[in-house]
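Heads up: the structure comes next, in structure tokens.
None of the figures in this text is laboratory data; all of them are computed from the coordinates on show. Since we're looking at a predicted model, the values are computed, not measured. Here the Cβ positions follow ideal geometry from the backbone for every residue, glycine too, while neighbour counts run over all protein chains shown.
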Amino acid sequence: MQQFLLRITALLMLIAGWRLMAFGQQLPTDGSLTIRPMLQQLGERLLQGKTGAIVAINPANGEILCLATNTPAGSDVRQAIGKPYAPGSTFKTAQALALLSEGIVTPDTRMECNSGITDGNIKVGCHKHRSPLALKEALAYSCNTWFIVNFGSMINDEFMYESHDEAITTWRSYMQSMGLGGPMHIDIKGEQGGLLAGADYLNRRYKDGWDGKTIWWAGMGQGDVTCTPLQLCNLAVTIANRGWYYVPHVHKNTTNQRYLTRRQTKVAAAAYPPVIEGMRLAVEKGTATSVKTTYPICGKTGTIENPGTDHSAFIGFAPMDSPKIAVAVYVEHGGFGADMAAPMAGLIIEDYLKGKLSAVSRLRAERIAAKRIL
Ligand SMILES: [Zn+2]
């Protein structure tokens with residue numbers, strides 16, 4: 001009898017676990033939410049047959065407009081707020097802001113890149129592009145060499161910093177001020193922030209010592225740095241606002257000061273214009289032309305290497321000069337950032353700014369919705 005009861009209990013636990021997995025964590029149901037139902041619906045439709053997240057935020061007040069997610073077991077909000085990923089090249093925006101603020105680079109800093117760079121036995125590939133490129137073009141064409149070498153130079157700069165520890169601590173403080181490297185404490189349970197390499201972590205991980213080259217990869221958003229799609233969207237918010245954000249939230253008319261206090265980034269005000277122009281150039285002529293829109297969107301693609309097909313990512317905001325919406329899209333195994341994430345973000349932005357999609361955009365949305373990569 002006892003064994004029978006044990007078996008029944010185990011079976012019930014299995015069913016409960018399966019139910020939890022099958023239904024995932026949903027959006028809160030208490031109070032009215034800032035989520036725009038039509039936008040949410042479009043986001044969920046675009047993510048059909050894929051594992052990923054689409055997050056959109058109103059930069060003016062931190063209200064989350066869309067928090068669409070999908071997994072093999074259906075929607076699960078943790079896909080957007082509790083699953084840190086390598087940000088890939090979307091992170092180059094944050095790198096540019098930190099490097100400019102510290103005076104390690106200027107908008108005119110040019111780097112030679114011959115389909116990548118080789119240093120000893122380290123080899124980092126890059127796309128074919130004109131060379132040398134300055135900052136704006138390096139962002140627009142997503143030059144890996146530009147970002148890893150300049151990031152490495154910052155960490156190894158012995159005139160600016162007394163030690164590698166001090167350099168990485170300084171770098172990290174910029175990233176943290178943009179909402180990265182830990183949970184932001186949004187008003188939904190289950191949030192988990194990403195990782196940012198810090199001195200303690202690096203000293204533990206690389207016992208034989210480390211320097212800027214050891215962590216080159218972080219320069220292009222791979223390796224010792226991860227962010228959730230929510231954090232990536234907030235990064236886009238800080239850029240849209242040229243240096244500030246409110247902690248993202250889904251409850252309307254909140255009175256909690258956490259969500260009503262404006263947070264300032266550590267980034268120098270002068271660093272924003274060249275980065276924003278680089279993001280605009282990415283959409284006009286660079287790696288993000290597949291956004292395909294007449295709106296002045298600023299954006300940055302990310303293509304993240306991992307086992308299997310690459311992950312596809314994009315962050316952006318629009319309009320360029322008076323931003324109304326910031327978006328982050330992250331689709332597992334979606335291929336190039338330009339293949340999947342960028343056009344999805346373009347559709348979300350169009351739908352929000354126009355109130356509906358044009359006939360051509362509706363067709364594009366259907367084509368994306370029909371793609372199955374789960
Ligand atoms: Zn390059």
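Quick notes on this one:
- Relative to the dominant Cα principal axis of the chain, helix 359-370 is inclined by about 70°.
- Our analysis of the stretch 293-374 gives Rg over Rh at 0.99, with the two radii drawn from alpha carbon positions and Rh computed by the Kirkwood formula.
- Rounded to the nearest Hz, the phi-derived 3J(HN,Hα) couplings of the stretch 62-79 under the Karplus curve 6.51 cos²θ - 1.76 cosθ + 1.60 (θ = phi - 60°) are x, 6, 7, 8, 8, 9, 8, 9, 8, 9, x, 9, x, 6, 7, 4, 5, 4, where x marks glycine and proline.
- Partner lysines whose Cα lies under 28 Å from the Cα of Lys324, excluding those fewer than 8 positions away in the same chain, are identified as Lys50, Lys83, Lys92, Lys136, Lys189, Lys252, Lys266, Lys285, Lys292, Lys300, Lys354, Lys356.
- Bridge orientation summary for the chain: considering DSSP beta bridges with both residues in this region, about 95 percent are antiparallel.
- Viscosity 1.002 mPa s, temperature 20 °C, Stokes-Einstein D of the stretch 32-177 from Kirkwood C-alpha radius, µm²/s: 119
- Alpha carbon centroid spacing (whole Å) that separates the stretch 74-99 from the stretch 28-51: 19
- Note on the chain: GNM, Cα springs under 10 Å; of Pro59, Pro84, Pro319, the largest mean-square fluctuation is that of Pro319.
- Arranged from fewest to most other beta-carbon atoms within 10 Å of their beta carbon, Asp211, Asp321 become Asp321, Asp211.
- Packing, taken as the mean count of other beta carbons within 10 Å per residue, orders the peptides 31-39, 113-121 from highest to lowest as 31-39, 113-121.
- D by Stokes-Einstein for the stretch 190-326, Kirkwood Rh over Cα pairs, 4 °C, 1.567 mPa s: 75 µm²/s.
- Projecting the Cα positions of Ser89, Asn114, Ser75 onto the charge dipole of the stretch 73-153 (unit charges on Cβ atoms of Lys, Arg, Asp and Glu, taken about the Cα centre) puts Ser75 furthest along the positive direction.
- Label point distance in nm, His185-Glu305, each placed 7 Å from Cα along Cα→Cβ: 3.8
- Long-range tail of P(r) for the chain (Cα pairs > 38 Å, %): 18
- Which of Trp171, Trp146, Trp217 has the fewest Cβ neighbours within 10 Å, and the rest in rising order: Trp217, Trp171, Trp146
- Modelled spin labels at Asn114 and Gln264, positioned 7 Å past Cα toward Cβ, are 4.6 nm from each other.
- Residue of Ala268, Ala140, Ala68 that the Gaussian network model of the chain assigns the largest fluctuation, springs spanning Cα pairs under 10 Å: Ala268
- Comparing mean-square fluctuations of Leu46, Leu27, Leu347 from a GNM of the chain with C-alpha springs under 10 Å, the top value falls on Leu27.
- With Cα atoms, 0 to 90° folded angle of helix 144-155 axis to the chain main axis: 70
- For the chain, the longest principal axis of the Cα atoms and the long axis of helix 272-284 meet at an angle of about 70 degrees.
- Cα centroid separation, the stretch 306-325 to the stretch 228-295 (Å): 10
- The listed peptides 48-57, 244-253, ordered by packing as a protection proxy, come out as 48-57, 244-253 (highest mean of other Cβ atoms within 10 Å first).
- Once the Cα-Cα distance is subtracted from the 0.36 nm per residue extended length, the Ala370 to Lys252 segment shows a gain of 39.2 nm.
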